Structure formats: structure tokens, C-alpha cells
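Everything on this sheet refers to the single structure shown next.
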Amino acid sequence: TLQSNNGNINANNDVLTGSSTLSSQNGDVTFSGSIDPGSYKFQSNSGSVNVTLPSTSNFQVNATANSGSINSDFSSVKITGTQANGTVGNPSAAKQAQLTLTSDSGDINLNKAS
């Protein structure tokens, strides 16, 4: 768990396993790396949430941006206003990661690693 009351959280080239939360009250949350099956929360009360994952990732995502936009490089993620959800990768895989992306005041960007 990484938490910040007033500042950004940046995690680059990391591998998350099990269950992880990256959360900032006032700042952006940025993650770039890979995820194993598990449950992951990326959230900011006042800032953007930026998550970059390999194109070969398997995960289910639920995203909510109360006051901001949602953008995704993954075509299977359906965006409807301030909500987005979808399954990326192999939906019949035995284990998938569960992603929850939340921003009360900021954008959410789900990107494919280049």
C-alpha cells in the first residue's frame, strides 16, 4: 500500500502481486509496470490516475471519474460518461487481475505500454 496525503505517487517499472493500493488525497497516481492476478486499487481524491500496462495483460477493470474524463488504449474497455468497465486479455483465463480506478476530481488514463 502506498498512500500520500499531499503529493503524487509514481511507481514505474514495477510488478504488483497479490493485493495493492496506490492512493493520494491531493496528487496524481501514476503506475507503469505489470500485474499478476490479484486485486489492485489506484485512486486519487484530487488528481489524475494514470495506469500503463503491457498489451498482453489479463484483467477486469472498473473505473469511475466523478469530475473528469476516462481514456483507454484497450478497445474492450467500454466508457460511458464517468464510468468504464471491461475485460482485457483472455476472459476465460483461470485468474485475472481486478483493477479499480477512481478519481473524484481528475482524469483516468488506462494506457498500453509501448
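Of the candidates SER32, SER20, SER67, SER39, the single residue that is touching a residue at least 12 places away in the same chain (Cβ under 8 Å), in a loop (DSSP other than H, G, I, E, B) and touching a Ser or Thr at 6+ places or on another chain (Cβ under 9 Å) is SER67. When the residues of segment 1-29 are filtered to those that are open to solvent by 90 Å² or more (accessible area, probe 1.4 Å) and within 20 Å of ASP104 (Cβ to Cβ), the one that is modelled with the lowest pLDDT is THR1.
Looking for something under 27 Å from GLY7 (Cβ atoms), of a type outside the set (Gly, Ala, Ser) and within 14 Å of the chain's Cα centre (by Cα) - is there at least one such residue anywhere in segment 80-96? No, segment 80-96 contains no residue that is under 27 Å from GLY7 (Cβ atoms), of a type outside the set (Gly, Ala, Ser) and within 14 Å of the chain's Cα centre (by Cα).
The values are calculated or read from the model by the stated rules, or taken from the named source; none is laboratory data. Remember, predicted model here, so these are calculated numbers, not experimental data. Glycine gets a Cβ as well: all are built from the backbone with ideal geometry, and neighbour counts include every protein chain shown. Ligands, DNA and RNA are stripped out before the accessible areas are found, and what is left, the full protein with its side chains, is counted by its heavy atoms. Shrake-Rupley method; radii C 1.70, N 1.55, O 1.52, S 1.80 Å.
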